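A.B. asks: Before I ask anything, here is the structure I am working with.
The values are calculated or read from the model by the stated rules, or taken from the named source; none is laboratory data. As the structure is a computational prediction, the values presented were derived from the model and not from experiment. So basically every Cβ, Gly included, is an ideal-geometry build from the backbone, and we count neighbours across all protein chains shown. All accessible areas refer to the heavy atoms of the entire protein, side chains included, with ligands and DNA or RNA removed. Shrake-Rupley method; radii C 1.70, N 1.55, O 1.52, S 1.80 Å.
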Amino acid sequence: MKSKQTVIQKWKMHIYGFIVIVLAQSMALPLLNTLIKEFADLELTCIPFIAIIVTCVVVDVYFLYNRIIMLRRLLNKVPIKCRLEDIFLIGYKDDKRTRYAPFPIVRSLEDHRLYLTYGKYSLLAFTATFNYSDRKNIHCTIYKSDGTLIRLGEIVDVYLLKTVDIPILIDKPKNIVKLKHRKIYFRHLNDKFSIDNFENITVFKGAVDLG
């Protein structure tokens, strides 16, 4: 099954990435230890080095769990056929500049419900290009794994590990969606998709495979 193959490829890529991260850390830590001993107070040298080790361990555990273990579990799931309804663009800061990450909103062909996975709940990333020349109408193009464009209305595979109980509130006059404690300006690609639809969206942990 093609979609399964896509998940397998992503899973293997993350394994290779994890190995590279661990090897890089293994080579960098002795060097950092030497630099700390050279420039820091001898009585305090262990403190920053321990802090660095703890940070590395936290990063490794997070990557291992969310990008390898959880992704591996997707292979045991039967994908749900869904229609791509919209792309939700969520902003983040990158070098003090606001950038955006795309997250698909889909409608199940089985129960006809709307589903969204985003941020830490989304286990697959997407290849996308952005045009930021017009901040009011940011243009986003998303690609399939073979390099072709993905279009709204196409049928995609969704792997659902579990639904997530996220309180959703909408402020229509301000065009803001509040997901739990986070307020997000509703930037999206489908002009026919209303912010009111968020009243019926189910947030889940898993992945949307665009092909």
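A.B. asks: Within region 174-184, is there a residue that is crowded, with 18+ Cβ neighbours inside 10 Å and at pLDDT 90 or above?
C.D. replies: yes
A.B. asks: Within region 187-211, work out how many residues are aromatic (Phe, Trp, Tyr) and either under 16 Å from the mean Cα position of the chain (by Cα) or open to solvent by 20 Å² or more (accessible area, probe 1.4 Å) (or both).
C.D. replies: Summing the residues that are aromatic (Phe, Trp, Tyr) and either under 16 Å from the mean Cα position of the chain (by Cα) or open to solvent by 20 Å² or more (accessible area, probe 1.4 Å) (or both) in region 187-211 gives 1.
A.B. asks: Okay, moving on. Is there a residue in region 186-205 that is over 19 Å from ARG83 (Cα atoms) and touching a strand residue (DSSP E or B) at 6+ places or on another chain (Cβ under 6 Å)?
C.D. replies: Looking for residues that are over 19 Å from ARG83 (Cα atoms) and touching a strand residue (DSSP E or B) at 6+ places or on another chain (Cβ under 6 Å), one finds at least one in region 186-205, hence yes.
A.B. asks: Would you be able to tell me the number of residues in region 141-156 that are in contact with a Gly (Cβ under 9 Å, 6 or more places away or on another chain) and in a loop (DSSP other than H, G, I, E, B)?
C.D. replies: 6
A.B. asks: Sticking with this one: Considering every residue within region 97-114, establish whether at least one is of a type in the set (Val, Ile, Thr) and modelled with pLDDT of 95 or more.
C.D. replies: Among the residues of region 97-114, at least one is of a type in the set (Val, Ile, Thr) and modelled with pLDDT of 95 or more, which makes the answer yes.
A.B. asks: Looking only at region 126-162, count every residue that is open to solvent by 70 Å² or more (accessible area, probe 1.4 Å), in contact (Cβ under 8 Å) with a residue 24 or more places away in the chain and closer than 17 Å to THR6 by Cα and tell me the total.
C.D. replies: Count: 3.
A.B. asks: Testing ILE19 on (1) open to solvent by less than 50 Å² (accessible area, probe 1.4 Å); (2) at pLDDT 70 or above; (3) closer than 22 Å to MET70 by Cα, one condition comes back false. Which one is that?
C.D. replies: In the conditions (1) open to solvent by less than 50 Å² (accessible area, probe 1.4 Å); (2) at pLDDT 70 or above; (3) closer than 22 Å to MET70 by Cα, ILE19 misses (1) alone.
A.B. asks: So which residues in region 163-173 are open to solvent by less than 90 Å² (accessible area, probe 1.4 Å) and part of a strand (DSSP E or B)?
C.D. replies: Within region 163-173, THR163, ILE168, ILE170, ASP171 qualify.
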